[in-house]
């Protein structure tokens, strides 16, 4: 047995369920939190969140949100699914309040700020709209016995609503579902490495290759029903946040939140970089990035993920020696190298497609106040970062 195998075999087997990962649904919950029934005390919050697509058209959303009853979260018993649904509602209301009128505001009123903060602390995420609330928790299955896929899921929460906004989110949800088979075989790969078993690793890599082929097929469907102009003007403006954002250079004050002491807080906006799929694949395939501002940003994005998903990435990073394993066996088992490179290439294709969409959906649009074509919703020079992601990915092909 190799030194790699001995090292990998010295820990307990990786169990997906310990990290809220499912072999059937991946990082998506098996049942959507969107359908969680909340206590009656949330009735006003829920009604306003549900009505957002109508209320936002008035351009007078702030007085409505200011009149919502302040829920005492600390005295309200909520399970995890209820917390996630409540987090989603407060996140949407917060972003609607900040961005829903002609100019942004610098202060979030206490009736929203305090319960939002309390819920976010219970879930281990910042009080801002993140990918988890925007996509991972934002779907309902139409037929329970059919897959989580476009055609069998609807979006639960919107800002303005409409086909383009729904489609943009639906694509992300289907990608999450299509990633499940790739995540499901990670324990097999780690065990195969521990046992010096190339057959097991090959079978798992074939599953990952198939999954990434399906992911890329879904990704390419974005243009079917999400128009770049509509996305830029009616979807993107509301998912910005208040870090590295010229419209709110100091950040946002969360009124009444004692921990923040009335000081402006800076949080990143919702972005696909907060999905755990690609970081997990980087960890598994030992794709490394230079220690620079881009790498620091990628690490920061984990703070916006559900804590268990964050832990899963870290655990895979710690355990995976896949690249070394393939290199040590590829002369005798060339299929290992071929499959490893196929998977790396498919992940690179995903990143390349993302870069193309970023160019057409954002970079090539006409700049507007509060909607920069150079800075992404995560507050970064996204074109530069996406190119660097892709290039560092391709550098890991084995020769």
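Per-structure values
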| item | result |
| --- | --- |
| Pairs with Cβ under 7 Å, 6+ apart, first in the stretch 19-30 and closer than 15 Å to residue 275 by Cα, second surrounded by 18 or more Cβ atoms within 10 Å (Cβ to Cβ) and at pLDDT below 95 | none |
| Scope the stretch 140-187; condition on the phi > 0 side of the Ramachandran plot and without any contact (Cβ under 8 Å) to a residue 24 or more places away in the chain; matching residues | 151 |
| Filter pass, residue 92 being within 16 Å of residue 267 (Cβ to Cβ), in a helix (DSSP H, G or I), at pLDDT 95 or above and in contact with a strand residue (DSSP E or B) (Cβ under 7 Å, 6 or more places away or on another chain) | no |
| Segments classed as helices (runs of 4 or more DSSP H), wholly inside the stretch 260-362, with at least 2 members that are out of contact with any helix residue (DSSP H, G or I) (no Cβ under 6 Å at 6 or more places or on another chain) and surrounded by fewer than 21 Cβ atoms within 10 Å (Cβ to Cβ) | 293-301, 307-319, 322-329, 334-358 |
| Residue in the stretch 46-68 that is crowded, with 23+ Cβ neighbours inside 10 Å, touching a residue at least 60 places away in the same chain (Cβ under 8 Å) and within 24 Å of residue 301 (Cα to Cα) present | no |
| Qualifying residues in the stretch 76-119 (those that are surrounded by 20 or more Cβ atoms within 10 Å (Cβ to Cβ) and without any contact (Cβ under 8 Å) to a residue 40 or more places away in the chain) - the one farthest from residue 258 (Cα to Cα) | 97 |
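The values are calculated or read from the model by the stated rules, or taken from the named source; none is laboratory data. Quick caveat: nothing in here was measured; it's all calculated off a predicted structure. Every residue, glycine among them, receives a Cβ derived from its backbone with ideal geometry; neighbour counts consider all protein chains shown.
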